[in-house]
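The values are calculated or read from the model by the stated rules, or taken from the named source; none is laboratory data. Predicted, not measured: the structure shown is a model, and the values here were computed from it. So basically every Cβ, Gly included, is an ideal-geometry build from the backbone, and we count neighbours across all protein chains shown.
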Amino acid sequence: MFPTRGILAAAFAAASLCAGVSAVPASAQQLRGTGDLGIVIERAAGRVQVVDTTARASLATIGGLGDLSHASVVFSRDGRYAYVFGRDGGLTKVDLLRQRIERRVMQASNSIGGAISQDGRVVAAQNYTPGGVKLFDAGSLELLADVVATPGPDGIPSKVVGLADAPGGRFLASLFDTGEIWVIDAANPRAPKVEKFANVGRQPYDGLVTPDGRWYVAGLFGEDGLALLDLWHPERGVARILDRYGRGEEKLPVYKMPHLRGWAIAGSFAFLPAVGRNEVLVVDMRDWKEVARVAVAGQPVFAIARPDARQVWVNFAFPDNGKVQVIDTETRAVVRTLEPGKAVLHLEFTPRGEAVWISARDDNKVIVYDTATFAPLVMLPADSPSGIFFTSRAARMGF
Amino acid sequence: MVPAAALALAALAALASSAAASGATDDGTVTLADATSAAAPQPARQRELLHLLKQDCGSCHGMRLTGGLGPALTPEALRTRPAESLVATIVSGRPGTAMPPWRRFLSEAEAEWLVARMLMGDVDVPH
């Protein structure tokens, strides 16, 4: 276990204890918190880096996590452990302090991400193959429940997307092949109850829970529009919003699906990536009507608000994935275009947003920018970096 | 990777026999036999194409082509699909699905070369 004595005591005792503690790893000799730590995925190598956003440095590299293409991460609520969901179905619990794998299970053959429950006790994985949601004990990674998805037209359980945590010990998810939204009540995680909403729209591709935990929104690939569920009033059913927002316009080919999780809320406005359009949609959440569109340099993949919500940063699908644009949320104008490197896959703000970390996969680097001056602060080498996840997510709903 | 290699060989054999059976096409398209030899892109372009396959096709089909939102593109998964239809899918996309047309980024001949490599399971990007 971690030493419990204080730093002062340790310092006073250091000389005499020196020989006695030599077996303890160097990293364990110094007490520290995890609030400024995070994970950078090295997708091709099956490794993660543990990074420090105060030092702006990589602390450790941990390997053996399998296929990490499209890997995503949630954190234990004490911010000590990262749960890494790999494409190959691997679920790996990484100890950020000891900088090693704590536990690892193979829970599916094709997985796309996960979530952690409101109380931090249950980790949920959303899977493509076999399609469904699996619930695990956050401590032991013991399987608690296997919620199999509705079979699609081909008889195969639907792929599950857009998994998110919600208040009341619930998880939300969307079914790509069958056009459903599920509310999974995991208050008793060994016997979860599922409320199913059918016919929400064609091919939901991702979903999100708003930061206040009230709304679940699923983006639709198969038609223009989004599906909205009020979690305060699920009895009112799923509503369509921004219906046919691109009416009469030709959609562009989509070379990468947009992501909704980690989305952008500024005041009462949500900034959402449009599908098949070089636009960010601005929606007034008071009535869920479109109020503006911001023309951008490509098809948005992530649109993420700086924590103070003054800026929204956007990255783009292939072939425009060398750029990042910054939208001023007050004027709704693009105020900066950056070219951090080749194949920008993700960006993550520090907990209060003075800096943003951006991964450039094909340049094998992570670049940290000052969000006030847009000056690059530091470049960290990384092997095909993709997702960047900071422990501040542990305290945020829908992350 | 022994089973994969064995399957790749089987796929290659199937490819060769189907090419032999269909013979030279009369509409001027390059046959698959050509795609693996004479019409092969230059090495630098081969790397680009394999990188495109791994990273950008991989967005939906998985970096290891084991499937994602899109279906798996492993030799096993593609075994029953005619190569010509795979080439057409890459170049023109599949309307009604999430598969977009890629003709902006590669030629039909390059798609044929790529399909041949996929059917063999030989898709690693050379260093």
Quick check: anything in segment A:20-37 modelled with pLDDT of 85 or more and crowded, with 23+ Cβ neighbours inside 10 Å?
yes
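Provide a single number: the residues in segment A:64-84 that are touching a residue at least 60 places away in the same chain (Cβ under 8 Å) and not in a loop (DSSP other than H, G, I, E, B). Working first, answer last.
At the first step, the residues of segment A:64-84 found to be touching a residue at least 60 places away in the same chain (Cβ under 8 Å) are A:68-79, A:82.
Then drop every residue that is not not in a loop (DSSP other than H, G, I, E, B), which leaves A:72-75, A:82.
Number of matching residues: 5.
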Check segment A:277-292 and report whether any residue there is acidic (Asp, Glu), surrounded by 14 or more Cβ atoms within 10 Å (Cβ to Cβ) and closer than 22 Å to A:ASP177 by Cβ.
no
Quick check: anything in segment A:85-97 surrounded by 21 or more Cβ atoms within 10 Å (Cβ to Cβ), within 14 Å of chain B (Cβ to nearest Cβ) and among the polar types (S, T, N, Q)?
no
Please specify each residue of segment A:352-366 satisfying the condition of being of a type outside the set (Lys, Arg) and either free of Cβ contacts under 8 Å to residues at least 12 places away in the same chain or buried (at least 22 other Cβ atoms within 10 Å of the Cβ) (or both).
A:VAL356, A:TRP357, A:ILE358, A:SER359, A:ALA360, A:VAL366
Residues to consider are A:ASP119, A:ASP146; find the one that is surrounded by fewer than 17 Cβ atoms within 10 Å (Cβ to Cβ), more than 17 Å from the chain's Cα centre (by Cα) and touching a residue at least 40 places away in the same chain (Cβ under 8 Å).
A:ASP119
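So how many residues does segment A:99-109 have that are charged (D, E, K, R), more than 16 Å from A:SER72 (Cα to Cα) and either under 20 Å from the mean Cα position of the chain (by Cα) or crowded, with 16+ Cβ neighbours inside 10 Å (or both)? If you could, list the steps in order and put the result at the bottom.
Here is the first cut: in segment A:99-109, the ones charged (D, E, K, R) are A:100, A:102-104.
Within this subset, residues satisfying the condition of being more than 16 Å from A:SER72 (Cα to Cα) are A:100, A:102-103.
If we keep only those that are either under 20 Å from the mean Cα position of the chain (by Cα) or crowded, with 16+ Cβ neighbours inside 10 Å (or both) as well, we get A:102-103.
Here the count works out to 2.
Of the residues A:ILE41, A:ILE101, which is within 14 Å of chain B (Cβ to nearest Cβ) and part of a strand (DSSP E or B)? Spell out how you get there, then give the answer.
Values: A:ILE101 fails: within 14 Å of chain B (Cβ to nearest Cβ).
Every option except A:ILE41 fails the conditions.
Given the residues A:VAL356, A:VAL366, A:VAL324, which is the only one that is of a type in the set (Val, Ile, Thr) and closer than 22 Å to A:ASP67 by Cβ? Even if it seems obvious, please write down each step before you answer.
Working: A:VAL356 fails: closer than 22 Å to A:ASP67 by Cβ; A:VAL324 fails: closer than 22 Å to A:ASP67 by Cβ.
Every option except A:VAL366 fails the conditions.
One line per residue, one yes/no per condition, for (1) in a loop (DSSP other than H, G, I, E, B); (2) under 16 Å from A:THR371 (Cα atoms); (3) in contact with a strand residue (DSSP E or B) (Cβ under 7 Å, 6 or more places away or on another chain); (4) not aromatic (Phe, Trp, Tyr):
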site	(1), (2), (3), (4)
A:ARG240	no, no, yes, yes
A:LEU252	yes, no, no, yes
A:LYS256	yes, no, yes, yes
A:ALA292	no, no, yes, yes
A:ALA297	yes, no, yes, yes
A:PHE302	no, no, yes, no
A:VAL326	no, yes, yes, yes
Candidate set from segment A:316-329 (those that are closer than 20 Å to A:ARG352 by Cα and not aliphatic (A, V, I, L, M)); member that is nearest to the other protein chains (Cβ to nearest Cβ):
A:GLN325
Those helices (runs of 4 or more DSSP H) completely within segment B:70-127 that have 2 or more residues that are within 14 Å of another protein chain (Cβ to nearest Cβ) are B:75-78, B:83-92
For A:ARG306: the one exception among (1) surrounded by 15 or more Cβ atoms within 10 Å (Cβ to Cβ); (2) away from chain B (no Cβ under 14 Å); (3) among the basic types (Lys, Arg); (4) over 20 Å from A:VAL366 (Cβ atoms):
(4)
Could you say which residue among B:LEU53, B:LEU65, B:LEU78, B:LEU69 is touching a Lys or Arg at 6+ places or on another chain (Cβ under 9 Å) and either in contact (Cβ under 8 Å) with a residue 60 or more places away in the chain or surrounded by fewer than 16 Cβ atoms within 10 Å (Cβ to Cβ) (or both)?
B:LEU53
